[in-house]
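Engineer: One structure, as structure tokens, below. Some questions next.
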Amino acid sequence: MLQRFSLCLVCCSLVVGLTGCGGGAAEKPLPNTVPVSGSVTMKGKPLVSATVTFVPQGETKGVECVGFTDESGKFKLKQVRGGEGAPPGSYKVVINHFVKGDGSPIKIDGSEPPANLGAVESLPIKYSSFLDSKLTAQVNDAGGEFTFDLK
């Protein structure tokens, strides 16, 4: 009886597993983007090697758009999958700044999770949490430049 149950369980698992395989529907094309750039400062000084993510809200079409700050705290957005900039619309903005134990910044390039690099988040959750960030941006049809001065 146990062998029959085990065989049935294996067969059911294969059927369930195989039904998830296959081509499926093609990915929907991403909406057109407009140029979006800006700068991030912390207490008035450029925040170097920060990750800036615009997360679409409400009716805004598209996927997350990400930029990385340079030595002067400036960034340019790019869709996670797609073109430069961001589609017009409303966004929650999340800013992350990962540092080593000694406080020096770690540049995150997406090739490895920050925790694997020994990184810790240096910013409060009101800026760095995808759930709790209080930062927002409204991108108009011409794009825009956004300044975030963190305290």
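The values are calculated or read from the model by the stated rules, or taken from the named source; none is laboratory data. Worth saying up front: this structure is predicted, and the values here are computed from it rather than measured. Note that each Cβ is placed from the backbone with ideal geometry, even for glycine, and that neighbours are counted across all protein chains shown.
Engineer: Name, by its number, the condition in (1) surrounded by 13 or more Cβ atoms within 10 Å (Cβ to Cβ); (2) at pLDDT 95 or above; (3) within 13 Å of Val52 (Cβ to Cβ) that does not hold for Pro88.
Structural biologist: In the conditions (1) surrounded by 13 or more Cβ atoms within 10 Å (Cβ to Cβ); (2) at pLDDT 95 or above; (3) within 13 Å of Val52 (Cβ to Cβ), Pro88 misses (3) alone.
Engineer: I need a count of the residues in region 111-151 that are touching a Lys or Arg at 6+ places or on another chain (Cβ under 9 Å) and touching a residue at least 24 places away in the same chain (Cβ under 8 Å).
Structural biologist: So the answer is 9.
Engineer: Phe68 is checked against (1) within 16 Å of Pro114 (Cα to Cα); (2) crowded, with 21+ Cβ neighbours inside 10 Å and fails just one. What number does that condition carry?
Structural biologist: (2)
Engineer: Taking region 91-108 as the search range and keeping residues that are among the aliphatic types (A, V, I, L, M) and surrounded by fewer than 18 Cβ atoms within 10 Å (Cβ to Cβ), which one is modelled with the highest pLDDT? First the steps, then the outcome.
Structural biologist: We begin by selecting, within region 91-108, every residue among the aliphatic types (A, V, I, L, M); these are 93-95, 99, 106, 108.
This time we only want the ones that are surrounded by fewer than 18 Cβ atoms within 10 Å (Cβ to Cβ), so: 99, 106.
Working: Val99: 90, Ile106: 76.
Here the residue is Val99.
Engineer: May I pose another question? Looking at region 109-140 only, could you name the residues that are at pLDDT below 95, buried (at least 19 other Cβ atoms within 10 Å of the Cβ) and either outside any loop (DSSP other than H, G, I, E, B) or of a type in the set (S, T, N, Q) (or both)?
Structural biologist: Scanning region 109-140 gives no hits.
Engineer: Still on this structure, I have one more. Search region 77-96 for residues that are within 18 Å of Asp141 (Cα to Cα) and pair each with any residue that is among the polar types (S, T, N, Q) and surrounded by 17 or more Cβ atoms within 10 Å (Cβ to Cβ) when their beta-carbon atoms are under 6 Å apart and the residues are at least 6 apart or on different chains.
Structural biologist: Gly83/Thr33; Gly85/Thr33; Ala86/Thr33; Pro87/Thr33; Gly89/Thr60; Ser90/Thr60; Lys92/Ser133
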